[in-house]
Amino acid sequence: MKSDKVLKGQVYFCPVCGAEVSVIRAGNGNLAPVCCNTEMILKAVLNPVYYCSVCRSEVMVICGNEDNLEPKCCNRIMKRYIT
């Protein structure tokens, strides 16, 4: 899967060793992560990212089920970025 636009939460994996990276802050550049001298492959999944409306802290769900997740910061439930 190839994407021209970099999105917060995108996941890339290495087909050689299985390492995964996720985009924390999307920019305007041409992201092309490399691992084991091989271009990493973009997965068809976005890791959900939540932010605090008070202090702007962010958390990303790396794995697992987020159905019952309610991250809190500054005594408030964090909001999910919509991409």
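Out of these labelled values of Cα Rg over 2.2 N^0.38 Å, (1) 1.22; (2) 0.98; (3) 1.80, which was calculated from the coordinates shown here? Recomputing Cα Rg over 2.2 N^0.38 Å here gives the entry labelled (1).
Quick check for the chain: number of Lys pairs with alpha-carbon distance under 27 Å, counting only pairs 8 or more apart or on different chains? List each step's numbers first, then the result.
Details: Lys2/Lys43; Lys5/Lys43; Lys5/Lys79; Lys8/Lys43; Lys8/Lys72; Lys8/Lys79; Lys43/Lys79.
Count of close lysine pairs: 7.
For the range 1-73, GluC sites (Glu not before Pro) are listed when DSSP marks them as loop and at most 15 other Cβ atoms sit within 10 Å of their Cβ; the list is Glu66. Working from Cα pairs under 8 Å separated by at least six residues, relative contact order for the chain is 27 percent.
The Arg25 and Val45 beta-carbon pair, evaluated with R₀ = 22 Å, returns a calculated FRET efficiency of approximately 0.75. Ordered by the count of other Cβ atoms within 10 Å of each Cβ, fewest first, Arg76, Arg56 give Arg56, Arg76. Close amide-amide hydrogen proximity is noted between Lys43 and Val11, Tyr12, Phe13, each under 5 Å apart and 5 or more residues distant or on a separate chain (H modeled in the peptide plane; Pro and chain starts excluded).
Rule-based calculations on the coordinates, nothing more; no lab input. Worth saying up front: this structure is predicted, and the values here are computed from it rather than measured. So basically every Cβ, Gly included, is an ideal-geometry build from the backbone, and we count neighbours across all protein chains shown.
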